[in-house]
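The values are calculated or read from the model by the stated rules, or taken from the named source; none is laboratory data. From a predicted model like this one, the values you see are computed outputs, not experimental measurements. Note that each Cβ is placed from the backbone with ideal geometry, even for glycine, and that neighbours are counted across all protein chains shown.
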Amino acid sequence: MSEPPRLLATLDGYNVEGGLDGPGEPATCYRATIALGRHDGPGVADGLWSDYEQVIDMAREIGLAGVRLGVEWARVEPRRGEVDPSALERYGEVATYARACGLGVSVALVGAAWPSWLGMEAWLLPWTVPHVVAQAQRVVTSLGDALERVVVFADANGLVASGFLSGSGPPWRRGASHDAASARHQIDQVVALLRDDPTVGPKMVGATHTIGLDLTPDEVARRRRSANCEEIYVRSLVKGAGPGAAPAGLLERRDGRWTVTAAAPLLDALR
């Protein structure tokens, strides 16, 4: 009998860390449209870049199995070829702390945001592929044994749909079905290359499933029983801010303190 999928709460780095897409901060594909005032950036967000440990403690206390961290590429490599070792060190500290708390740790390498230097049309440009591979290799190598599993794209389908079909994310296209197919082909190519990579491949997760906090406890339990995958992600441990932020979080900061906001029946279904 196969092992049931483990359930991890997501922490979407771009939306929860702070310190991205502001003046003098690492820039992502959202920087231009934020500067034009079309939407707000993440700003200070939930400030987790210096405060991850507190919410990880809370994840342990409420009985979650683990967390999936979003490693923000723009923070690790703010300019092409210029890697910030302190950013990799910090992600390593967070992963190590979570493991020491008895939590499982996966990472997502590419979320809704990518470094601005890749260009707005990154997923149509062949030269993007070796850069993604290099980023994956450096993250997996740097985090070492603290990292259990790797997801290359947090939401590949959403990345393509928002960027080329609905126009709700970079590069802000609507109905560009041909380019959507091309982007999806390139994303699949990246995943296939990394699956064969001796450094990254052994830690890559296969099938995954994401559930939102709008579900009833009974529906959460049903999906956990029926999901044919390796990991299930509940989005999200904290809500965050800025483009693509989660609709809700299990935790919320009130009066400077983190508190559990999810109802007890839902938490029971997530344990």
Which is crowded, with 17+ Cβ neighbours inside 10 Å, of a type outside the set (A, V, I, L, M, F, W, C) and closer than 27 Å to residue 231 by Cα, of 63, 104? 104
Of the candidates 55, 44, 67, the one satisfying the condition of being under 23 Å from residue 159 (Cβ atoms) and β-branched (Val, Ile, Thr) is 67
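Looking at the range 49-63, which of its residues are of a type in the set (Gly, Ala, Ser) and outside any loop (DSSP other than H, G, I, E, B)? Even if it seems obvious, please write down each step before you answer.
Going through the range 49-63, the residues of a type in the set (Gly, Ala, Ser) turn out to be 50, 59, 63.
Result: 59, single match.
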The helices (runs of 4 or more DSSP H) lying entirely within the range 150-251 that contain at least 1 residues which are among the polar types (S, T, N, Q) and over 26 Å from residue 4 (Cα atoms) are 177-195
Result of the Cβ filter at 6 Å on the range 12-40, keeping first residues that are in a helix (DSSP H, G or I) and modelled with pLDDT of 95 or more and partners that are buried (at least 16 other Cβ atoms within 10 Å of the Cβ) and among the hydroxyl-bearing types (Ser, Thr, Tyr), at least 6 apart or interchain, is 31/116
